[in-house]
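Q: To start, I am sharing the structure in question, which I have written as structure tokens.
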Amino acid sequence: MTTLLVTGGAGFIGSNLVRMVAATGQYRLVVLDALTYAGNLQNLEGVIDGHRVIFVHGSITDAELLSKLFADHTIDAVLHLAAESHVDRSIASAAPFVETNVTGTLRLLEAARAASVRRFVHVSTDEVYGTLGPEDPAFTEETPLQPNSPYSASKAASDLLVRAFVHTYGMDCVTTRCSNNYGPYQFPEKLIPLMTLNALEGKPLPVYGDGRQVRDWLHVEDHCRGIMLSLERGRAGEVYNFGGFGERFNIDIVRGILEATGADASLIRHVTDRPGHDRRYAIDPRKATSELGWHPVHSVEKGLADTIAWYKENAAWCENVRSGAYLDYYAKHYGTSL
């Protein structure tokens with residue numbers, strides 16, 4: 001059975017991917033996660049079994065750990081999702097983003113190359129392309145990289161390292177770039193879970209600037225299908241963009257959440273905009289459609305409604321995350337504290 005290493009597998013996108021792949025029974029999964037604030041083992045409750053799905057606590061910056069992991073588990077392919085990903089945190093301190101996203105990716109590439117893995121799928125972001133004007137065409141795989149935040153700059157650097165390993169060493173790598181994800185298990189510092197939980201609790205909803213920043217919303221399950229299709233069908237050395245055909249103003253997403261939760265619009269608070277805030281993102285996914293047979297199946301309206309319902313139905317998960325109690329999960333199940 002093919003063994004996949006999933007880095008960042010206890011995070012939002014990673015845990016959804018692990019759950020989706022584990023349900024098929026087609027792969028053996030080794031999940032590597034440093035369990036920083038955004039990594040939550042509760043996201044994988046009921047999935048880790050020590051046989052088909054194995055959890056390893058560690059960082060992609062630890063070269064010794066990576067070498068041992070590849071040797072011990074005979075990894076066939078890598079799905080690389082581990083990253084520092086919150087723009088606001090990167091503005092406050094860029095160094096952790098360079099360490100994890102750049103140095104970590106380099107060390108993972110080196111370990112994968114030494115182990116002669118069959119394929120390396122590097123999961124990136126549309127933010128590496130920069131920002132679009134109101135009438136500009138959507139990003140394609142040929143759009144120049146023009147990152148505007150420390151976060152997106154660190155991801156662009158990691159993308160270029162992957163490209164270099166393809167062209168210099170002949171590694172079989174595929175890079176994916178997605179638009180804004182949403183769905184279950186997302187850490188509530190991001191727009192949709194933050195606004196949903198605040199609305200449910202009657203707390204203020206902080207909206208940057210005028211709220212007319214445009215994002216292309218992609219349900220996490222659609223993104224995960226794209227990652228797996230890239231693994232199974234993608235061409236070596238290629239980049240594939242995944243977008244949800246879901247361009248919306250941020251303020252309209254917030255208003256939709258208020259309507260769905262029954263909260264009052266008076267909860268909206270316009271706050272000082274983020275420094276260097278990109279105005280618009282949009283993805284043209286035609287290459288993924290034509291080469292991989294991929295297309296999103298979740299509309300923004302239905303996907304958002306389902307996501308809000310998930311947060312309502314999983315109040316205990318939400319409370320554990322917001323209180324920090326989720327950080328004790330590792331100690332309870334593995335006998336040591338983080």
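Q: Relative contact order of the range 3-334, please, whole-number percent, based on alpha carbon pairs below 8 angstrom and at least 6 residues apart.
A: 18
Q: Suppose every K and R has +1 on its Cβ and every D and E has -1 on its Cβ; what is the size of the dipole of the chain about the Cα centre, in Debye to the nearest 20?
A: So the dipole magnitude of the chain works out to roughly 300 debye.
Q: Another one. Find how much the distance from T289 to K312 grows on full extension, using 0.36 nm per residue of separation minus their present alpha carbon separation; answer in nm with one decimal.
A: Working it through step by step, the gained length comes to 4.9 nm.
Q: If you plug each phi of the range 268-279 into the Karplus form 6.51 cos²θ - 1.76 cosθ + 1.60 with θ = phi - 60°, what whole-Hz ³J(HN,Hα) values come out, in order, with x for Gly and Pro?
A: 5, 10, 7, 10, 4, 5, 5, x, x, 4, 5, 7
Q: To check you understand DSSP bridge types, tell me what percent of the beta bridges within the chain (both residues inside) are antiparallel, rounded to 5.
A: Once the DSSP bridges in the chain are tallied, antiparallel ones form about 10 percent.
Q: For a test of the definition: using alpha carbon positions, the gyration tensor, and the 1.5 limit on a/c, classify the range 19-69 as rounded, prolate or oblate.
A: Oblate shape, in that a/c is at least 1.5 and b/c is the bigger or equal ratio.
Q: Before rounding to the nearest 500, sum -39500 (n - 2.57) across all DSSP H runs of length at least 4 in the chain and divide by the residue total; then give [θ] at 222 nm in deg cm²/dmol.
A: Result for the chain: -12000 deg cm²/dmol, rounded to the nearest 500.
Q: So if we plug the beta-carbon distance of K302 and D72 into 1/(1 + (r/R0)^6) with R0 = 41 Å, what FRET efficiency do we get, rounded to 0.05?
A: Plugging the Cβ-Cβ distance into 1/(1 + (r/R0)^6) gives 0.45.
Q: What number comes out for the charge environment of E84, summing +1 per Lys or Arg and -1 per Asp or Glu over other residues with Cβ under 14 Å away?
A: Within the 14 Å Cβ shell, the charges total -2.
Q: If you take the beta carbon distance between R52 and V271 as r and set R0 to 35 Å, what does 1/(1 + (r/R0)^6) give as a FRET efficiency, to the nearest 0.05?
A: For R52 and V271, the calculated efficiency is 0.15.
Q: Does the range 119-252 classify as rounded, prolate or oblate by the C-alpha gyration tensor (a ≥ b ≥ c root eigenvalues; a/c under 1.5 gives rounded; else a/b over b/c gives prolate, otherwise oblate)?
A: Taking the square roots of the gyration eigenvalues as a ≥ b ≥ c, the range 119-252 is prolate.
Q: Can you tell me how the range 6-158 classifies by the Cα gyration tensor, rounded, prolate or oblate, using a/c under 1.5 as the rounded cut?
A: prolate
Q: So for R322, R107, fewest C-beta neighbours within 10 Å to most, what's the order?
A: Taking fewest neighbouring Cβ atoms as first place, the list is R322, R107.
Q: On to the next question. Within the set of other residues whose C-beta is less than 14 Å from the C-beta of A38, count the net charge using Lys and Arg as +1 and Asp and Glu as -1.
A: -1
Q: Local charge sum around A260 (other residues, Cβ-Cβ under 11 Å, Lys/Arg +1, Asp/Glu -1)?
A: After counting each charged neighbour, the total is -1.
Q: Something else about it: May I ask you to sort F165, F242, F97 by Cβ crowding, counting other Cβ atoms within 10 Å and putting the fewest first?
A: Listed from fewest to most nearby Cβ atoms, that is F165, F97, F242.
Q: Express in whole angstrom the spacing between the alpha-carbon centres of the range 107-170 and the range 1-55.
A: One Cα centre to the other: 23 Å.
Q: Find which of Q213, N250, V21 sits farthest along the positive direction of the dipole of the range 3-334, computed with +1 on the beta-carbon of Lys and Arg, -1 on that of Asp and Glu, about the Cα centre.
A: V21
Q: Take D328 and Y37, extend 7 Å from each Cα along the Cα→Cβ direction, and tell me the distance between the two endpoints in nm.
A: With each label point 7 Å from Cα toward Cβ, the separation is 2.0 nm.
Q: So, in nm, how far is label A95 from label M1 when the simple model puts each one 7 Å beyond its Cα toward the Cβ?
A: Label-label distance for A95 and M1, simple model: 4.3 nm.
Only the coordinates and a few stated rules stand behind these numbers; no lab work does. Given the structure is predicted, the values throughout are model-derived calculations rather than measurements. Note: ideal-geometry Cβ built from the backbone for every residue, glycine included; neighbour counts use all protein chains shown.
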